[in-house]
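Contents: one structure, followed by commentary.
The values are calculated or read from the model by the stated rules, or taken from the named source; none is laboratory data. Because the structure is a prediction, the values reported are computed rather than measured. Neighbour counts are summed over all protein chains in view; Cβ atoms, including those assigned to glycine, are modelled from backbone coordinates with ideal geometry. The area values use the complete protein model at the heavy-atom level, side chains included, leaving out ligands, DNA and RNA. Shrake-Rupley method; radii C 1.70, N 1.55, O 1.52, S 1.80 Å.
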Amino acid sequence: QVQFVESGGGLVQPGGSLRLSCAASGRVFSFYVMGWYRQAPGKQREFVATITSGGRTNYADSVKGRFTISRDSAKNTVYLQMNSLKPEDTAVYFCNLGTPGGTYWGQGTQVTVSS
């Protein structure tokens with residue numbers, strides 16, 4: 001089993017910044033893909049960004065140039081720096097961990113972009 005501690009969500013004005021963090025504990029493999037997905041009200045969950053254990057990153061087109069994903073391997077923690085936030089970024093953001101042993105989800109953290 002894998003447990004997550006997510007933090008960093010909140011309310012921010014358009015153009016502002018937030019940093020999300022997700023710390024994984026438990027059964028964490030040496031090879032993994034870790035990242036973030038989001039789900040807005042009435043919409044399906046969508047991919048935001050991922051980073052592999054080797055450091056390769058991938059981003060949704062809608063966040064490229066604004067969001068940056070990074071990791072601290074020693075702490076099994078992934079971060080999502082979100083800049084130039086827009087109202088359409090409002091959603092519940094879910095941490096995701098993909099390993100050879102399975103896929104795991106965090107409980108989600110709310111991000112609201114509003115003036």
Using Cα-Cα distances under 8 Å and only pairs 6 or more residues apart, what relative contact order does the chain have, in percent?
35
At a Cα cut-off below 30 Å, give the lysines reachable from Lys43, other chains included and same-chain residues fewer than 8 away excluded.
Lys64, Lys86
Along each principal axis, Cα extent of the chain, largest first, Å
41, 25, 22
Pick out, from Gly16, Ala91, Gly102, the residue whose Cα sits farthest towards the positive end of the charge dipole of the chain, with +1 on the Cβ of Lys and Arg and -1 on the Cβ of Asp and Glu.
Gly102
Å² of accessible area per residue within the chain, as computed with a 1.4 Å probe and no ligands counted
52
DSSP loop trypsin sites (Lys or Arg not before Pro) in the range 60-89 with at most 13 other Cβ atoms within 10 Å of their Cβ, which ones?
Lys64
On the accessible surface of the chain, probed at 1.4 Å, how many percent belong to carbon and sulfur atoms?
47
Mind ranking 17-24, 39-46 by how tightly packed they are, going by the mean number of other C-beta atoms within 10 angstrom, highest first?
17-24, 39-46
Could you work out the relative contact order of the range 9-66, using alpha carbon pairs under 8 angstrom and six or more residues apart, expressed as a whole percent?
22
